[in-house]
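Data first, discussion second: the structure below is written as structure tokens.
Bear in mind these aren't lab numbers, they're just calculated from the coordinates by the rules spelled out. Keep in mind it's a predicted model, so treat the numbers as computed, not measured.
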Amino acid sequence: MLRNAGVRSAPGGGLADGSAASLHRYRLAGQLTEIRASDLAFSTAEASLLLAQHGSTLTAGSLESLTERTEAGAAGLRLAAISLGHSSRPGQFVKELMAEDSALIVNIHVPAYA
């Protein structure tokens, strides 16, 4: 995105002039916007809408737990929504997900080609 603002970046993520202070100058001049993970995180209301688009609904408690477990990230919530679509017991799915110490695993049924 720095490229679109007229700033040349160097390989490795630095700026072309090699100065770490260049970013500070852009920040101080109001020409740099930082986007952090918290800025991209889904609220529980947004997570609920995403799940609804996948045909799933959760109780408020389960929704809060799922949002917390996925760190409110789009990818984690989307994968969970896909998995919930294949679960007959969504509340139990969330409980099991909360109890696991592993990464979110998606079990997607892919139909065999005839």
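Return the sequence-ordered ³J(HN,Hα) values of region 43-52 in whole Hz as given by the Karplus equation 6.51 cos²θ - 1.76 cosθ + 1.60 applied to θ = phi - 60°, using x for Gly and Pro.
7, 5, 5, 5, 4, 4, 5, 4, 4, 4
With N residues in region 38-99, what two-decimal value do you get for its Cα radius of gyration over 2.2 N^0.38 Å?
0.96
Rounded to whole Hz and in sequence order, give me ³J(HN,Hα) for region 71-82 from the Karplus expression 6.51 cos²θ - 1.76 cosθ + 1.60, θ = phi - 60°, writing x for Gly and Pro.
Running phi through 6.51 cos²θ - 1.76 cosθ + 1.60 with θ = phi - 60° gives 6, 6, x, 4, 5, x, 5, 5, 4, 5, 4, 5 Hz.
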